[in-house]
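Structure first, commentary second.
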Amino acid sequence: MAVFFNINRHAMKKCIFCLGLFVMTNIGLNASDGKTKVLAHSKYKDILEQAEKLYSKNDMTQAIDKMAKEIAVKLEDKNPIFVCVLNGAIIPMGQLMTRLDFPLQVDYIRATRYGGKLQGGELQILAEPEAAFANRVVVLVEDIVDTGKTLEGVIEYCYNKGAERVYTASLIDKQGVRPEGGLEVDFVGLKIPNKFIIGFGLDYEGYFRNLDGIYVMPIKELF
């Protein structure tokens, strides 16, 4: 019994020590996190105050309406699968789906060349769709197409999965960044000049996707 008691006593001391260390560490982390959150809130609030509004909420509504009408004319009898390209297309996709009143399926893919950076790199498929694409019409929904490299990679992925036809739909088509003869987007909401924009799904460092319009980032924040 004495041996059993001693073993448990030492185990208990170790547990108490670990618990104390955990609590102290987390108190420190929480305090640090609090300061970080305050600084982050201030930074992104300042950016939004300096940002130039390019398109209003009403402009976005009209752009989505336009896309929906064009898509319906071409695809209402094709039984398409609409694939949201995460994360940026979440808002455009949700808005678009409520305007389409024909049979369709919805899925998603997470693909990126940016990974939180401003410059693109190698394409990464982080989350694959669950739907079978074989002999199906697929519509890839994007928030923005600039160079088109990410979207080209996702189109290739869909064809490799057996898609019969792949269409592209993008809320924003950025002008002046693709070479002549490059990717043409099938359904476009708005065309914009070559500016760094935020809002309606588009982010900067993970923020501003929730804005109901499109804003131009202050240039100084990008360097």
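Relative to the present Cα-Cα distance, how much length would full extension add between Ala72 and Tyr207 at 0.36 nm per residue of separation?
Computed gain between Ala72 and Tyr207 is 45.4 nm.
Quick one: which of Lys45/Lys174; Lys69/Lys174; Lys45/Lys74; Lys78/Lys174 span more than 32 angstrom between C-alpha atoms?
Violating the 32 Å limit, Cα to Cα: Lys45/Lys74.
Which order results if Phe102, Phe82, Phe133 are arranged by neighbouring Cβ count within 10 Å, fewest first?
Exposure proxy ranking, most exposed first: Phe102, Phe133, Phe82.
Describe numerically, in nm with one decimal, the distance between label points set 7 Å from Cα along Cα→Cβ at Ile219 and at Ile90.
Using points 7 Å along Cα→Cβ, the separation is 3.2 nm.
What FRET efficiency comes out for the pair Ser56/Asp101, r = Cβ-Cβ distance, R0 = 22 Å, nearest 0.05?
The value I calculate is 0.25.
Using the beta-carbon distance between Glu128 and Lys45 and R0 = 35 Å, what value does 1/(1 + (r/R0)^6) give for FRET efficiency, to the nearest 0.05?
On the way: r = 37 Å, r/R0 = 1.05.
So, using R0 = 35 Å, E works out to roughly 0.45.
Would you list which aspartates and glutamates come within 19 Å of Lys66, measuring only between C-alpha atoms, while excluding same-chain residues fewer than 8 positions from it?
Cross-link targets: Glu76, Asp77, Asp101, Glu142, Asp143, Asp173, Glu184, Asp186, Asp212.
Compute the convex hull volume of the Cα atoms of segment 125-223, divide it by the residue count, and report the result per residue in Å³ as a whole number.
124
No lab work stands behind these numbers, since they all come straight from the coordinates. Since we're looking at a predicted model, the values are computed, not measured. Backbone-built Cβ (ideal geometry, glycine too); neighbour counts: all protein chains shown.
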